[in-house]
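The values are calculated or read from the model by the stated rules, or taken from the named source; none is laboratory data. Just so it is clear, the model here is predicted, and its values are computed rather than measured. In this analysis, Cβ positions are derived from the backbone assuming ideal geometry, glycine residues included, and neighbour counts consider all displayed protein chains. The accessibility values were calculated without ligands, DNA or RNA, using every heavy atom of the protein model including side chains. Shrake-Rupley method; radii C 1.70, N 1.55, O 1.52, S 1.80 Å.
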Amino acid sequence: MPKKPYYSARMRAAKSGLHISGAEGIFEKADLLNIVKEYTERAFTHDKGRANQIRISIEKLDAKPRKISSLPLCTINARNPNAAKKTAVKILSSVGITERAIEEAFRALTIGITMRGAILMDVEGVRLEPDLLRGVRVTRMGITKKASASLSRKLARFGINNNTVKEALILASKVHKYRLVLGELCISDDPNYTTGYIATRACGYIRLPRIKKRGIPFGGRAFFIAGGEVKELIKYLQNTSVMINDIKPCKGIVTAEEILKRKSRS
Ligand code: WAQ
Ligand code: MG
């Protein structure tokens, strides 16, 4: 039986010219109408305000998406943004990212500039993305229905089965398949969403509750890069279609020490 074609769908929403939300995924044709509805509703009900410009684009994918597994997921609790940051430094510096770079990423993500895409940074903290205002937007990533159901079941055990967590895990799983990406820091730009995450290939996707104070309407993403050809990386992030078809373990709360011990054994 020939495989059904896949479509990439993207949404961008703005209010008075300012980016307020975006979304992307890979879907079968039969699901596209629902996705357009869901994306539209999302843009109209966003905590950052009601959009007055929504762009949705749909594109049939020529090539078969590459199948990958998700990153394993866990949570490291922290009392406040400062403690969450300390955890981020501990984990990210364990893969060779300098404290200076991590500090620079936190600064850029909390300074109050909203970028549509992610910052690319080398391990010393030097910015590598060609458009410093826009950043690099990761697109063309999705999850098979079977894997999505399996992920939902696993996340539901911890009461975190929602689109925000699922979409962030899908994005990070695509990003960290790329060898030259060493780590990631993410802080939501949603004023009411105070959980962020860090990710590395070996440690997985680590949720960090209370990484920011409630009410702050900016955040962002930074990918730390080991060097190499940035153009190739950007091509992968934007154009290579990737589908998650296998879900790695999802855990509850762990400590940074457990993560680092496990990492050194593997
Ligand atoms: N590609 C690159 N950067 C992006 C993308 C993308 N597709 N989507 C968002 N960003 C950047 C952009 O600068 C946003 O301002 C910033 O990330 C935050 O995006 O497990 O909701 O969509 O509970 O607000 C983390 C979930 C949620 C943690 C992150 O991000 C958890 C979130 P948001
Ligand atoms: Mg957001």
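Values for this structure:
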{"read-out": "R201-S16 FRET efficiency (beta carbon distance; Förster radius 30 Å; 0.05 resolution)", "value": "0.15"}
{"read-out": "Estimated dipole of the range 100-210 in Debye, rounded to 20 [Cβ of Lys and Arg +1, of Asp and Glu -1, Cα centre]", "value": "760"}
{"read-out": "Ranked by how many other beta carbons lie within 10 Å on average, peptides 45-58, 7-20 from highest", "value": "7-20, 45-58"}
{"read-out": "Cut-off of 10 Å, at most 15 other beta carbons, DSSP loop: longest stretch of the chain lacking such GluC sites (Glu not before Pro)", "value": "1-123"}
{"read-out": "The chain, relative contact order in percent, only Cα pairs under 8 angstrom and at least six apart counted", "value": "27"}
{"read-out": "Carbon + sulfur, % of accessible area of the chain - ligands and nucleic acids excluded, 1.4 Å", "value": "52"}
{"read-out": "Among L92, I113, L71 the positive-end extreme of the charge dipole of the range 50-142 (Cβ point charges)", "value": "L71"}
{"read-out": "Pairwise label distance in nanometres, N80 with E232, each label 7 Å out on the Cα-Cβ vector", "value": "4.5"}
{"read-out": "Dimensions (Å) - the range 108-266, Cα atoms, principal axes, largest first", "value": "40, 35, 33"}
{"read-out": "Cross-link pairs beyond the 18 Å C-alpha cut-off, checked among K29/K60; K3/K67; K90/K251; K177/K231; K86/K212", "value": "K90/K251"}
{"read-out": "Farthest toward positive dipole pole in the range 163-214 [+1 Lys/Arg, -1 Asp/Glu at C-beta], among L182, L171, G196", "value": "L182"}
{"read-out": "Helical segments meeting 15 Å axial Cα length and Kyte-Doolittle -1.0 threshold in the chain (DSSP H)", "value": "32-44, 81-93, 99-110, 145-156, 163-175"}
{"read-out": "Test item: Cα-centred dipole of the chain, Lys/Arg +1 and Asp/Glu -1 on Cβ, debye", "value": "740"}
{"read-out": "Solvent-accessible heavy-atom area per residue, rounded to whole Å², over the chain at 1.4 Å", "value": "50"}
{"read-out": "Extended-chain gain in nm, criterion 0.36 nm per residue less alpha-carbon gap, K263 and N161", "value": "34.1 nm"}
{"read-out": "Stretchable slack from S152 to L32, in nm (0.36 nm times residue separation minus alpha-carbon distance)", "value": "41.2 nm"}
